[in-house]
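Report on the following structure.
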Amino acid sequence: MRRVHRFVLVLAAVVALGPALFSQEVSRKKELAVFNLSYYKWTIPPSALGGIDEQVRAVFVNLGRFDVIGMTYRLGEDEVAAFVERIRAYKTENVEIPEQVQMGQEFLTQADMNRLVSSFIVVIPSVASFITDRGKDGDYTTEIRTSFTFVNVEKIESFAQFFVNTRGSDASPAKATQKAIDAIPNQLTFEIRKIPEFQLRTGILEVRGGEVVLEFGRDMGVKVGDEYLIMSSRVLKSGKQVSGEKGLLIVRRVEDEISTARIVYSNGAPQEGEQLQELPRLGIDATPFVHAVALQLDPSSPFEVPVLAGIRVGLSRGFYAFRPHVSIEMPLHLLADSADVYGGIPLNVSVGGEYNLYLGRLQLVPMVAVGIGMAIPLGADKKDFQLTHFGGSAQLAVTYLFSRDAKLVGEAGYLVWATGVSSGLASYEGVFGGIGISWKF
């Protein structure tokens, strides 16, 4: 009887926990038909039109999670509803597909309509706005607003739409347009990854100390620096299964079919087979900061405590330990002098790199940077742009991830900003300390 009783208890536990234990979801590649860009309401140079089509299609191919079918047709944003209704008729009302099907200004062949009807998702891009203007300074600025509509052919409904806004400036109108086109891929990639239907879901294959091996690699477009949530499931007394975030991983190495990720934090030890869900990010960390120089070593200047306020932006997607960054800061102690000498505001612009040492939520981040100081004119009647300083810094930052999307930052180091004798501004250098908050986008 005892054995029977134990068996019943075990069976009951398996039945109760079954949904949680066997609910892991693993994404599979989706078949995607991508139309060419519709532009009927706008005058667009043919070279620009072809460039946008290539960029859009390349984004879907490079994401890795789609089998892409390229369509040579163009459908306008206002033709999407009619397209969905036509698909509905062919799928549910057994309407025979003719040899040619007119959709707006396009005529689709019977073969292509059959491919669309059997596809999983159709993507319809359309130009919502295309404007090129010439500014007072003589440069051209092109602004492109592109609409993307996604149609689920199986469910016969449009399930997502968003806009991508890009711009480019140059002395040449063609180059301004090309810069606006070149800005499309990064934003489009992020917007696609934000759509729940396209987010990667996978599982933990192995746990190796502070790291885990997850299914998917280059075959599904995983990149170094990508982040995944560890999802936990539990069954309520009512029998309803609920899930929530248990931890966070960051991908450190990507292979063809698997990836290795470091555990940033986890509420309980990760287990093999646990559900993982992609956390889409644009791929930048933005850190507003304030630095105070504690010691000024320039003997030609009286002692003071310079204060610098600024923002540092680092690239995260595609990078793990080493990451490049750029920073812009305002030396507040020079503000009055710079405005008086040049009629502008002082700014330091630096580029550099950092090396991230991960210790769970805590990170140690040594970094170096070099740059130039400048005075930005306040108006057209002011003097021209002026270079004022050159220099750089070396520092160590200690960060703590207090939420999924933000880190507290404390940093200290040494900076040097030197200037020519004839500039009328003082050089400054010394040991500094500062604080900031880093936001993950």
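The values are calculated or read from the model by the stated rules, or taken from the named source; none is laboratory data. Given the structure is predicted, the values throughout are model-derived calculations rather than measurements. Cβ coordinates were reconstructed from backbone atoms using ideal geometry, including for glycine residues, and neighbour counts include every protein chain displayed.
The set of residues in the stretch 219-256 that are of a type in the set (Lys, Arg) and modelled with pLDDT of 95 or more comprises LYS223, ARG252, ARG253. Scanning the stretch 301-308 for any residue that is under 27 Å from GLN395 (Cα atoms), modelled with pLDDT under 95, part of a strand (DSSP E or B) and out of contact with any Asp or Glu (no Cβ under 6 Å at 6 or more places or on another chain) turns up at least one such residue. In the stretch 73-121, which residues are within 22 Å of LYS30 (Cα to Cα) and under 29 Å from the mean Cα position of the chain (by Cα)? Scanning the stretch 73-121 gives ARG74, LEU75, VAL80, SER119, PHE120, ILE121.
Only one of ILE44, ILE97 is out of contact with any strand residue (DSSP E or B) (no Cβ under 8 Å at 6 or more places or on another chain) and in a loop (DSSP other than H, G, I, E, B); which?
Of ILE44, ILE97, the one residue that is out of contact with any strand residue (DSSP E or B) (no Cβ under 8 Å at 6 or more places or on another chain) and in a loop (DSSP other than H, G, I, E, B) is ILE97.
Given the structure, is ASP219 more than 23 Å from ALA321 (Cβ to Cβ), of a type in the set (Asp, Glu) and not assigned by TED's automatic domain parsing to the domain that holds SER259? Considered against the rule, which asks whether it is more than 23 Å from ALA321 (Cβ to Cβ), of a type in the set (Asp, Glu) and not assigned by TED's automatic domain parsing to the domain that holds SER259, ASP219 comes out as no. The residues listed here are TYR400, TYR414; of these, the one that is of a type in the set (Ser, Thr, Tyr), under 30 Å from GLY247 (Cα atoms) and either in the same structural domain as LYS136 (by TED's automatic domain parsing) or modelled with pLDDT of 85 or more (or both) is TYR400. Given ASP67, ASP53, ASP78, which one is modelled with pLDDT of 75 or more, in the same structural domain as THR142 (by TED's automatic domain parsing) and within 30 Å of LEU229 (Cβ to Cβ)? Of the residues listed, the single one that is modelled with pLDDT of 75 or more, in the same structural domain as THR142 (by TED's automatic domain parsing) and within 30 Å of LEU229 (Cβ to Cβ) is ASP67. Scanning the stretch 169-194 for residues that are surrounded by 17 or more Cβ atoms within 10 Å (Cβ to Cβ), among the hydrophobic types (A, V, I, L, M, F, W, C) and more than 30 Å from ASP226 (Cβ to Cβ) yields a single hit, ALA176. Here ASP133 meets each of (1) at negative phi; (2) in a loop (DSSP other than H, G, I, E, B); (3) not aliphatic (A, V, I, L, M) with one exception, condition (2).
Which one is nearest to VAL431 (Cα to Cα), of the residues in the stretch 326-343 that are modelled with pLDDT of 95 or more and crowded, with 20+ Cβ neighbours inside 10 Å? Top of the filtered list is GLU329. In this structure, is LEU200 under 20 Å from the mean Cα position of the chain (by Cα) and either surrounded by fewer than 17 Cβ atoms within 10 Å (Cβ to Cβ) or touching a residue at least 24 places away in the same chain (Cβ under 8 Å) (or both)? Spelling it out, LEU200 is indeed under 20 Å from the mean Cα position of the chain (by Cα) and either surrounded by fewer than 17 Cβ atoms within 10 Å (Cβ to Cβ) or touching a residue at least 24 places away in the same chain (Cβ under 8 Å) (or both). Scanning the stretch 229-243 for residues that are more than 23 Å from the chain's Cα centre (by Cα) and touching a residue at least 12 places away in the same chain (Cβ under 8 Å) yields SER232, SER233, ARG234, VAL235, GLN241, SER243. Taking the stretch 243-286 as the range and being farther than 23 Å from LYS194 by Cβ and β-branched (Val, Ile, Thr) as the test, the residues that pass are ILE258, THR260, ILE263.
None of PHE60, PHE107 is of a type outside the set (Val, Ile, Thr), surrounded by 18 or more Cβ atoms within 10 Å (Cβ to Cβ) and in contact with a strand residue (DSSP E or B) (Cβ under 6 Å, 6 or more places away or on another chain) except PHE60.
When residues in the stretch 92-134 are screened for being closer than 20 Å to THR43 by Cα and either modelled with pLDDT under 80 or not polar (S, T, N, Q) (or both), 11 of them pass.
When SER238 is tested against (1) within 30 Å of LYS136 (Cα to Cα); (2) in a loop (DSSP other than H, G, I, E, B), only condition (1) is not met.
Filtered by the rule that a residue be in contact with a Lys or Arg (Cβ under 9 Å, 6 or more places away or on another chain), in a strand (DSSP E or B) and under 20 Å from GLU25 (Cα atoms), the stretch 211-235 gives VAL212, GLU227, LEU229, ILE230, MET231, SER232. Taking every residue in the stretch 288-312 that is among the β-branched types (Val, Ile, Thr) and pairing it with any residue that is at pLDDT below 60, at least 6 positions away or on another chain, the pairs with Cβ-Cβ distances below 9 Å are VAL305/GLN296. Among residues of the stretch 127-154 being among the aliphatic types (A, V, I, L, M) and within 18 Å of SER38 (Cβ to Cβ), the one that is surrounded by the fewest Cβ atoms within 10 Å (Cβ to Cβ) is ILE131.
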